[in-house]
Amino acid sequence: MVTAGDESMNQARGCCSRCPSSVPGDWARTPRIQKETVASQPQTGQWLLDAGLKQLELLFRAVVYQRADPILIADNNRNCWDASCGVGKLLGLPRDKIIGRRIDDFAEPGFRPQIDQLWRAVLQQGEQRGLLRLAGSGGSVREVEYAAKGNVLPACHLLALHDQSRKLPEAVRAGEDAWVHDYALFLLDADGQVAAWYSGAERIYEYQAKEIAGQRISCLYPAEESPGVKLRDELKRAAAQGHFGNERWQIKKDGLRFWANVLTMALRNESGELQGFARVVRDLSKRHSAEEKLQRSGVQRLRSGERAKESTIAGVVSGEFDNITEANDAFLGMIGYSREDCITGQLYWPDLTPAEYWHLDEKAYEECMRYGACTPFEKEYVRKDGTRVSVLVAVAALSLSPFHWITIAHILPDGDGPEKVDKEAGGDKFPEIIGRSAAQKRVLEQVETVAPTDATVLILGETGTGKELIARAIHRMGRRNDRPFISLNCAAIPTGLLESELFGYERGAFTGALGQKIGRFELAHHGTLFLDEVGDIPLELQPKLLRALQEKSFERLGGTRTIPIDVRLVAATNRNLAQMMSDKLFRADLYYRLRVFPITMPRLRDRPEDIPALAEYFTWKYAREMNKHIDEIPPETMRALVSWPWPGNVRELENFIERSVILSRGPTLRAPLAELRADPVETTGGTLEQMEREYVVRVLRETRGVISAAATRLGLPRTSLNAMMGKLGI
């Protein structure tokens, strides 16, 4: 039954009291959270600590429930408060036969005496891992691995299970411990200050409650992302929409980053006044890394913008959690089940989905909880007769607590599925790098050789050749791929600020240093630091960089404490460091320290056989972004693209294709071929001043308008280049 307080809470969040609540286990009943010590401020209203805590539990249970992984929520006495849809699969029981019972009831009788000892360890230590012996419905015994997270909320503990006899697909696991998740749950006041901070948040962020109480949580955001502005925007959107979610980088106490799934819900009192916010955060760093690989493993596109053709059946189904409560005739015909199957509860949502697609269901539900609806995706359903059908699916959340959803599915006609465009250069190992030329393959072989080591890599090559892509590939294939990849373009930072960007500074180190700043070296601790345009580092700063690399430690600007670091360095430049070393513009010792394993990127004009694949990829990319449908590049256009020398390399080609997509009106790419003429610097018959102007403009374009970088390439002081630009009318 829904209490008056809960009903008003639902109304404040846009969920009316008429929402069905007669689900197994009485989901919508008043949560059984016990009052325990929380971090609170004197000015924080008691309403937020009491009613807000109840709503936080409801939100947490909604997040946990929809997961395909088996997860139990239990109290101090091992009573099951709630269970994910995956637990029912694992135990072979409906939820109403699980909720309210003790964990011991599902254990093999001979194993039950050990559970009391295991649970005491969970309560005392907060985290515990081991094996459980569960009794199956037919008397069989099954060994299940468990990971317990204690006090995610007061007297609320999480138990993640994994059947060892069943090997989940790699895409589902997304890493060795992908089935084990901890949750950071906390309450904020209306200004974004921490009002209550629980044990799960302590484990993930590594801040104790007494340290974080009363602070604005903008301190958990990366400094370079304008944390105050980001937080203000998120809370404003949560207040306006009832809830708001996203995935973003967060910062732990020690400065390490992690990729977080963040869901924020506005909390309003009976009068509708905003009192604060409830927030649930999950560390998805491993899944984020795995998804990056999956997203780059092949480019998918739809042959047409509208998938529902004459032969397509449109099915609509809605439900409560994973239970189907309503389905139209088209959906029932699609899956081959009867309406009685749904009404009697025989049909649960995961039953429709093969195990290899569970990660898509989980991601879809997370996305629809954050945004209200998920991006359509392709998957398969299993019909009642065991056959499979490919469908295009879109899911929308109607309410969060209790969790109600609606799904629209279209059958994909044979031959009309997403067309995979194979543009990989190096197969599955380098899916994000396009090209099959011999020169490109040599580079990828070098990457594959050096990536598993921690050796410093120096990437050389002209601007626009894809040096950062290679740096990211080295990181993804290395041992640190689950750690941060921090990049810094040394040419884009003013000389006077580069030291503080690299090493950070202490409060009061200089005028305007109102707080402590964490530098890129600290952010990349245990991960990879990519220094692009390393040749632009001032000569006076090079000794400090060399010392940090050699000693694996540094001091912040204005500080005295030596900070140890464990960083793998990947550097890149389009300048001739050997010549700069001879000209005394670059230190020899730093040059040899960086040049442990050099990789030289080939110019695009040296691998013209890669241009067709690149052109097709960029056409698809920008057509999708602009909601256009371009299926063809004319032969004469492709010949012109291949014959042009592309002095700006891949970046110039990409910009040209983007411009062409903008100009295209129909399904055929219309490129401005008049622009593809011989290099004006080499063939212009104009005056010396005209040639000089054209050359300076080209260098500025290649350096993306960075004056200091362009001046360096031209061999001029920055002031001289500024004066020349004024004289030439640039």
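The values are calculated or read from the model by the stated rules, or taken from the named source; none is laboratory data. Small disclaimer: the values here were computed from a predicted structure and weren't measured. With ideal geometry, Cβ positions are generated from the backbone for all residues, glycine too; neighbour counts draw on all protein chains shown. Side chains included, ligands, DNA and RNA excluded: accessible areas come from the protein's heavy atoms. Shrake-Rupley method; radii C 1.70, N 1.55, O 1.52, S 1.80 Å.
Among the listed residues Arg520, Arg483, identify the single one that is more than 21 Å from Arg718 (Cβ to Cβ) and open to solvent by 60 Å² or more (accessible area, probe 1.4 Å). Full working, then the answer.
Values: Arg520 fails: open to solvent by 60 Å² or more (accessible area, probe 1.4 Å).
Sole residue among the options that is more than 21 Å from Arg718 (Cβ to Cβ) and open to solvent by 60 Å² or more (accessible area, probe 1.4 Å): Arg483.
Please go through the stretch 556-614 and pick out each residue that is aliphatic (A, V, I, L, M) and under 13 Å from Thr456 (Cβ atoms). It would help to see each step written out before you state the result.
So in the stretch 556-614, the residues aliphatic (A, V, I, L, M) come out as 557, 563, 565, 567, 569-572, 577-578, 580-581, 585, 588, 590, 594, 596, 599, 601, 604, 611, 613-614.
Residues satisfying the conditions are Val567, Leu569, Val570, Ala571, Ala572, Leu590, Leu594, Val596, Ile599.
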Yes/no for Gly88 being buried (at least 16 other Cβ atoms within 10 Å of the Cβ) and modelled with pLDDT of 50 or more: yes
Of all residues in the stretch 700-713 being of a type in the set (A, V, I, L, M, F, W, C) and buried (at least 19 other Cβ atoms within 10 Å of the Cβ), the one that is farthest from Met724 (Cα to Cα): Ala709
Residues located in the stretch 197-243, provided they are surrounded by fewer than 20 Cβ atoms within 10 Å (Cβ to Cβ) and among the charged types (D, E, K, R): Arg203, Glu206, Lys210, Glu211, Arg216, Glu224, Glu225, Lys230, Arg232, Asp233, Lys236, Arg237
The stretch 193-222 residues that are at positive phi, paired with ones that are outside any helix (DSSP H, G or I) and modelled with pLDDT under 90 (beta carbon under 6 Å, 6 or more apart): Gly214/Gln41
Any hit, the stretch 448-461, residues being among the hydrophobic types (A, V, I, L, M, F, W, C), assigned to a helix (DSSP H, G or I) and surrounded by fewer than 22 Cβ atoms within 10 Å (Cβ to Cβ): yes
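Using the structure shown, decide if Ile563 is of a type in the set (A, V, I, L, M, F, W, C) and in contact with an Asp or Glu (Cβ under 7 Å, 6 or more places away or on another chain). Before you say what the answer is, go through the steps one by one.
Details: of a type in the set (A, V, I, L, M, F, W, C): yes; in contact with an Asp or Glu (Cβ under 7 Å, 6 or more places away or on another chain): yes.
Judged against the criteria, Ile563 is a match.
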Residue match in the stretch 297-312 (condition: within 29 Å of Gly86 (Cα to Cα) and modelled with pLDDT under 75): yes
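Conditions tested, residue by residue: (1) under 19 Å from Lys149 (Cα atoms); (2) among the charged types (D, E, K, R).
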residue	(1), (2)
Gly92	no, no
Arg95	no, yes
Gly100	no, no
Trp119	yes, no
Leu134	no, no
Residues satisfying the stated conditions in the stretch 532-560, i.e. touching a strand residue (DSSP E or B) at 6+ places or on another chain (Cβ under 9 Å), open to solvent by less than 50 Å² (accessible area, probe 1.4 Å) and within 17 Å of Phe586 (Cβ to Cβ): Asp532, Glu533, Val534, Gly535, Asp536, Ile537, Leu545, Ala548, Leu549
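Looking at the stretch 519-578, which of its residues are in a loop (DSSP other than H, G, I, E, B), basic (Lys, Arg) and more than 30 Å from the chain's Cα centre (by Cα)?
Taking the stretch 519-578 as the starting set, the residues that turn out to be in a loop (DSSP other than H, G, I, E, B) are 519, 524-527, 533, 537-541, 552, 556, 558-561, 565-567, 574-576.
With basic (Lys, Arg) added as a condition, the list becomes 552, 556, 561, 575.
Arg561, Arg575 - these are the residues of the stretch 519-578 that are in a loop (DSSP other than H, G, I, E, B), basic (Lys, Arg) and more than 30 Å from the chain's Cα centre (by Cα).
What tally of residues in the stretch 260-288 results from selecting those that are under 22 Å from Leu153 (Cα atoms) and either within 12 Å of the chain's Cα centre (by Cα) or open to solvent by 40 Å² or more (accessible area, probe 1.4 Å) (or both)?
Within the stretch 260-288, the subset under 22 Å from Leu153 (Cα atoms) is 260-269, 275-284.
Those still in the list that are either within 12 Å of the chain's Cα centre (by Cα) or open to solvent by 40 Å² or more (accessible area, probe 1.4 Å) (or both) too: 260-262, 268, 275, 282-284.
Of the residues in that region, 8 qualify.
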Top-ranked residue of the stretch 60-85 - restricted to ones that are modelled with pLDDT of 85 or more, assigned to a loop (DSSP other than H, G, I, E, B) and not polar (S, T, N, Q), ranked as surrounded by the fewest Cβ atoms within 10 Å (Cβ to Cβ): Asp75
Any pair with Cβ under 9 angstrom, 6 or more apart, that starts in the stretch 454-476 at a residue that is touching a residue at least 24 places away in the same chain (Cβ under 8 Å) and ends at one that is among the hydroxyl-bearing types (Ser, Thr, Tyr) and open to solvent by 20 Å² or more (accessible area, probe 1.4 Å): Leu458/Tyr591; Ile459/Thr600; Leu460/Thr600; Gly461/Thr600; Glu468/Ser487; Ala471/Ser487; Arg472/Ser487
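From Thr44, Thr37, which residue is out of contact with any Ser or Thr (no Cβ under 6 Å at 6 or more places or on another chain), open to solvent by less than 40 Å² (accessible area, probe 1.4 Å) and at pLDDT below 75?
On the way: Thr37 fails: open to solvent by less than 40 Å² (accessible area, probe 1.4 Å).
The conditions single out Thr44.
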